[in-house]
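Written out below as structure tokens is the structure these notes cover.
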2 protein chains.
Amino acid sequence: MYIHEKSLRTIIDALRKKGYKATPQRIAICKYVLQDTTHPSAKIVYQRVRKEYPTISLATVYQTLKVLKELNLIQELPFSKRETRFDPNVNPHINMVCLKCGKIVDINFPEADSLLKQISESTRFRITGQRIDIYGFCEVCGQFSISIAKNKEKML
Amino acid sequence: MYIHEKSLRTIIDALRKKGYKATPQRIAICKYVLQDTTHPSAKIVYQRVRKEYPTISLATVYQTLKVLKELNLIQELPFSKRETRFDPNVNPHINMVCLKCGKIVDINFPEADSLLKQISESTRFRITGQRIDIYGFCEVCGQFSISIAKNKEKML
DNA sequence: AAACTATTTAAGAATTATTATTACCTAATA
DNA sequence: TATTAGGTAATAATAATTCTTAAATAGTTT
């Protein structure tokens, strides 16, 4: 289940449970980011939330994203080219990352659970999260770039 | 096979094949980074290579790391906290990433090949690379942090 | 409901990893 | 050896993220 299917009440409770105040700014950011499955950057979140909450500041967006990460409601996905994107899907899954257009699409990876379980049992490493990316060119970009794209043309 | 098992000759040929000159700076950086399996940051590479080649500049390190990435001899692993680390293992594998001390250890993941093949055959996505991270606390750090570490205490 | 207080916000400054610029320099080649 | 396209070192520029601070407010207490 995606957290964004949960009610506003649940979001507020999650914040308060950890001692965070449920401010209207935070609620606006949460509502936006928990339902955007395109893996937006902080700047995109800022631009989108501003439509609903025009006085919000970029610093508040950053700090709320940090809180949401701490609450394990979103995952942070740093990429090269100085861009970090945010994913409301915190369950094990595969991110299909297009290096040309920057599109990121989640696909299921049911085998992840048993893989993590096996590693957990065979090592002394205490697992708290994971990230599985597959890089390449999406169906739209793939046909235009027969050879591997030069760095300049890459978004991620 | 790791590329760092290859000879100096092979490194030079790989550079020239793509039209890059085999300068002593590049060779020094290659020799270092292709044998360091601790996933060093650019700054660490700079500090280490400087011992062998004291006049080298940080900009050259960055630009050579970019070349090595283009030649697919290393993989770039961006993390939060503004740190990017570099991995000479470009074959599918799992990075076990300790969030407390920042240690990254590769483990094998033989099932990766069939997974990638299956995705390749069932989608129109053209795969060029992958990244599989497992986050948590290594055997050394795990015993000291029963609860999930606060953000301030995390290295990655 | 008003007061209280620790937290949060907005704005802007600071930080810093990475990239760009530029004036020499040199590897590869003829 | 001369030529030259590309590389280097030094440093400036860029930009994502974090920090700082004064004013505001959420949650609680009276």
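List of remarks:
- Positions within the stretch B:52-63 being surrounded by 17 or more Cβ atoms within 10 Å (Cβ to Cβ) and within 6 Å of DNA strand D (Cβ to nearest atom), in sequence order: B:I56, B:T60
- In the stretch A:107-119, the residue that is farthest from B:V97 (Cα to Cα) out of those that are assigned to a helix (DSSP H, G or I) and facing another protein chain (nearest Cβ under 9 Å) is A:L115.
- Near pairs, Cβ below 6 angstrom, 6+ apart or cross-chain, from the stretch B:61-77 (among the aromatic types (F, W, Y)) to any residue that is open to solvent by less than 80 Å² (accessible area, probe 1.4 Å) and part of a helix (DSSP H, G or I): B:Y62/B:A42
- Taken over the stretch B:85-112, the criterion of being surrounded by fewer than 18 Cβ atoms within 10 Å (Cβ to Cβ) and either within 16 Å of DNA strand D (Cβ to nearest atom) or of a type in the set (A, V, I, L, M) (or both) is satisfied by B:V90, B:V105, B:I107, B:A112.
- Some residue of the stretch A:71-81 being open to solvent by 50 Å² or more (accessible area, probe 1.4 Å), within 12 Å of DNA strand C (Cβ to nearest atom), in contact with a Leu (Cβ under 8 Å, 6 or more places away or on another chain) and of a type in the set (K, R): yes
- Pairs are defined by a Cβ separation below 7 Å, a sequence spacing of at least 6 or placement on different chains, a first member in the stretch A:15-41 that is within 14 Å of chain B (Cβ to nearest Cβ) and open to solvent by less than 80 Å² (accessible area, probe 1.4 Å), and a second member that is near DNA strand C (Cβ under 9 Å from one of its atoms) and at pLDDT 95 or above; the pairs so defined are A:Y20/A:V67.
- Selection status of A:I127, crowded, with 18+ Cβ neighbours inside 10 Å and either farther than 22 Å from A:L65 by Cβ or facing chain B (nearest Cβ under 8 Å) (or both): no
The values are calculated or read from the model by the stated rules, or taken from the named source; none is laboratory data. Remember, it's a predicted structure, so these values are computed and weren't measured experimentally. Please note: Cβ atoms are built from the backbone with ideal geometry, for glycine as well, and neighbour counts cover all protein chains shown. Side chains are part of the model used for accessible areas, which takes the heavy atoms of the whole protein and leaves out ligands, DNA and RNA. Shrake-Rupley method; radii C 1.70, N 1.55, O 1.52, S 1.80 Å.
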